[in-house]
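What follows is a short report on a single structure.
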Amino acid sequence: MWPELGKYGATVINAYIVTIVATGLLTWLSLRSARKSKETLEKLEARRNG
Amino acid sequence: MSIWEFANPVRFMRFSGKLLPYFSVSAALLIVTGLIWGFFFTPEADQFGSTVKIIYIHVPTAMLAINAWVMMFVASLIWLIRRHHVSALAAKAAAPIGAVMTVVAILTGAIWGQPMWGTYWAWDPRLTSFLVLFIFYLGYMALWTAIEEEDKAADLTSVLAMVGTVFAVLSRYAVNFWNQGLHQGASLSLDKEEHVADVYYLPLLVAIGGFVLLFIALLLLRTRTEIRNRRIRALQAREAR
Amino acid sequence: MSPTLALLARELRLSLRSGGGAGLGLAFFLIVVLLVPFGVGPVPSLLAQIAPGTLWVAALLATLLSLDRLFQADFEDGTLDILTLSPMPLEGLVAIKAFAHWLTTGLPLIVAAPVLALTLNLPDPAFFWLVTSLAAGTPALNFLGAIGASLTVGIRRGGLLLSLLVLPLYIPTLIFGASAVSAAADGADPMPAFLLLAGITLFTLALTPFAAAAALRMHMR
């Protein structure tokens with residue numbers, strides 16, 4: 001199953017790790033700030049209406 | 001029904017909220033498919049060995065790095081002409097995505113360059129212009145955070161996006177002159193797309209589609225956050241009064 | 001006295017009096033160029049090779065140093081508001097201010113550059129092109145700087161941000177300016193690089209006043 005990467009194995013793996021970590025981090029941070037702003041806004045709206 | 005309907009933040013929030021799950025799921029599906037297909041089921045290339053597999057992450061991220069800036073340019077132009085707040089906020093939301101994509105494209109290129117060219121970094125025109133692009137992203141984001149008034153920040157960053165676009169393009173071709181002018185016959189060409197065989201081309205297309213969908217999903221998500229944050233500030237200002 | 005000349009005279013008077021900072025850029029230019037041999041070693045052939053680039057980069061940094069004062073003082077004390085109300089278009093005002101800034105910061109660099117080039121062992125045929133390329137290229141540095149200065153004018157501690165915004169804009173000018181000088185130093189034809197440099201400068205002079213004026217209007221809205 002695992003492909004034969006030959007002498008360049010580390011190179012390929014490193015490139016994939018960098019990409020996955022960077023895009024994953026970006027997605028995680030985006031999701032986190034989205035969640036935070038949504039909660040804050042809901043709290044504010046509730047206080048305003050209630 | 002025209003596209004400008006979405007300039008209304010309420011309508012944008014409703015519509016983007018509905019679209020977001022579809023884009024997120026399809027982005028994840030295509031990226032996973034494209035990368036697994038590319039990583040596990042494509043052969044080595046004669047010249048590059050297994051490093052050819054880096055193409056499936058390098059090319060999509062590099063394309064997005066440039067096109068995110070183009071999108072910011074268009075969105076800034078729309079803000080300057082028609083003053084739709086959603087447009088300005090979308091440009092703001094796109095900048096970090098573009099910056100990350102630029103970094104990933106540079107890093108994967110450098111990792112690939114070490115065994116292939118014998119160096120992590122060469123002052124090749126393409127590499128150099130990506131570095132320049134990254135600095136433009138940094139300046140753009142720094143200007144957004146430096147100005148407190150939101151509309152003024154949107155105005156000024158839009159001007160920067162206009163000027164930056166002109167000079168990013170200018171630098172791209174100026175760098176060409178400089179490298180050939182000083183180092184004759186440097187032949188580190190990155191034009192891989194032109195002679196890519198079908199075995200690599202199909203998974204590459206899937207990966208590109210996946211990254212484009214990821215960009216759209218992140219863009220929608222971040223724009224929604226920006227709209228909410230602006231609403232939060234408005235409400236807090238009203239409470240403080 | 002026409003409004004244009006009056007404004008130009010005012011700008012020059014202000015920058016030449018103490019606190020204007022006109023001499024500071026020149027001193028900075030001097031120090032940067034003199035530091036380079038300490039960094040790379042006193043080998044004449046090496047210095048000759050890096051002289052064109054060093055002089056151009058130093059000129060660029062020296063221009064950058066004084067940019068934050070271009071609109072800041074006038075913005076803070078309200079002069080800019082008054083000037084905006086005058087019949088002169090804001091674009092013209094920006095152009096005059098940037099030109100005056102070039103006269104007080106760019107011109108001294110051009111005069112000082114050949115002297116400093118001696119210390120870097122610049123080859124003889126390149127001296128003429130050093131002066132010519134600086135004369136053709138430094139106006140672009142000041143005018144591009146006007147964009148950065150107008151974008152960051154109201155911002156506290158905007159100096160670093162200004163550098164971040166302006167430096168990438170300088171890349172084409174730097175490339176063609178330094179290429180012209182090194183071509184002359186290598187005995188090649190400096191004309192292609194010089195013509196492109198002049199083209200960039202003319203392009204910049206024509207367009208930057210509009211961008212900078214637009215940014216200033218946004219600040220004063």
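So the values come out like this:
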read-out: B:Val199 versus B:Phe41: modelled label distance in nm, points set 7 Å from Cα along the beta carbon direction; value: 1.4
read-out: Rounded to whole Hz, the Karplus (6.51, -1.76, 1.60) HN-Hα couplings of region A:40-50, x for glycine and proline; value: 4, 5, 5, 4, 4, 5, 5, 5, 6, 7, x
read-out: Complex-versus-alone comparison for region B:210-231, residues with a loss of 40 Å² or more in accessible area, probe 1.4 Å; value: B:Leu218, B:Leu221, B:Arg222, B:Thr225, B:Arg228, B:Arg231
read-out: Of all accessible heavy-atom area on region A:10-49, the percent that carbon and sulfur account for (1.4 Å); value: 62
read-out: Area projected by the alpha carbon convex hull of the protein assembly as shown, averaged over all directions, nm²; value: 29.5
read-out: Hydrodynamic radius (Kirkwood) for region C:43-220, which is based on Cα pairs only, to one decimal in Å; value: 16.7
read-out: A versus B: buried accessible surface, summed, Å² (probe 1.4 Å, to nearest 100); value: 3000
read-out: Rounded FRET efficiency, nearest 0.05, which uses the C-beta distance separating B:Asn67 from B:Ile3 and R0 of 22 Å; value: 0.70
read-out: Percent accessible area from carbon and sulfur atoms, region C:43-220, protein chains only, probe 1.4 Å; value: 72
read-out: Qualifying lysines (Cα of each under 29 Å from Cα of B:Lys152; at least 8 residues distant if same chain); value: A:Lys36, A:Lys38, A:Lys43, B:Lys92, C:Lys97
read-out: Simple Cβ-charge dipole of the protein assembly as shown, Lys/Arg +1 and Asp/Glu -1, about Cα centre, in debye nearest 20; value: 2200
read-out: Global form of region C:1-65, assessed from the alpha-carbon gyration tensor, a/c cut-off 1.5; value: prolate
read-out: Calculated SAXS-style log₁₀ I(q)/I(0) at q = 0.25 Å⁻¹ - region C:58-148, Debye, Cα scatterers; value: -1.23
read-out: Accessible surface buried upon B-C contact (total; probe 1.4 Å; Å², nearest 100); value: 2300
read-out: Given charges at Cβ of Lys, Arg, Asp, Glu: the protein assembly as shown dipole, positive-most of C:Ala6, B:Gln114, C:Met220; value: C:Met220
read-out: Most to least accessible of B:Tyr140, A:Tyr8, B:Tyr173 (protein chains only, probe 1.4 Å); value: B:Tyr173, A:Tyr8, B:Tyr140
read-out: The protein assembly as shown - accessible surface per residue (Å², probe 1.4 Å); value: 47
read-out: Region C:97-164: C-alpha gyration tensor shape, a/c 1.5 cut-off, then a/b vs b/c; value: prolate
read-out: Angle in degrees between helix B:9-41 and the longest Cα principal axis of chain B, rounded to the nearest 10; value: 10
read-out: Most to least accessible of C:Thr4, C:Thr201 (protein chains only, probe 1.4 Å); value: C:Thr4, C:Thr201
read-out: Portion, in percent, of the accessible area of region B:3-240 that falls on carbon or sulfur, probe 1.4 Å; value: 66
read-out: Cleavage-rule hits, trypsin sites (Lys or Arg not before Pro), region B:78-176, DSSP coil, Cβ neighbours within 10 Å at most 14; value: B:Arg83
read-out: Selected from B:Pro203, B:Val59, B:Ile135, residue furthest toward positive end of dipole (region B:3-240; charges at beta carbon); value: B:Ile135
read-out: In order through region C:125-141: 3J(HN,Hα) via Karplus (6.51 cos²θ - 1.76 cosθ + 1.60), integer Hz, x for Gly, Pro; value: x, 7, 4, 4, 6, 4, 5, 5, 5, 5, 4, 7, x, 5, x, 4, 4
read-out: Eligible lysines near B:Lys53 by straight Cα distance, threshold 17 Å, same-chain separation 8 or greater; value: A:Lys7, B:Lys192
read-out: Gyration tensor (alpha-carbon) shape descriptor, chain B, a/c threshold 1.5; value: oblate
read-out: Minimum 20 Å² accessible area buried by the other protein chains, region C:148-196 residues, probe 1.4 Å, relative to alone; value: C:Leu151, C:Ile155, C:Leu161, C:Leu164, C:Leu165, C:Pro168, C:Leu169, C:Ile171, C:Pro172, C:Ile175, C:Phe176, C:Ser179
read-out: Which of A:Leu41, A:Thr19, A:Ser30, positive extreme of dipole for region A:10-49 (C-beta unit charges); value: A:Leu41
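The values are calculated or read from the model by the stated rules, or taken from the named source; none is laboratory data. Bear in mind that the values here come from a model prediction, so they are computed numbers and not experimental data. Every residue, glycine as well, gets a Cβ built from its backbone with ideal geometry; the counts of neighbours run over all protein chains shown. All accessible areas refer to the heavy atoms of the entire protein, side chains included, with ligands and DNA or RNA removed. Shrake-Rupley method; radii C 1.70, N 1.55, O 1.52, S 1.80 Å.
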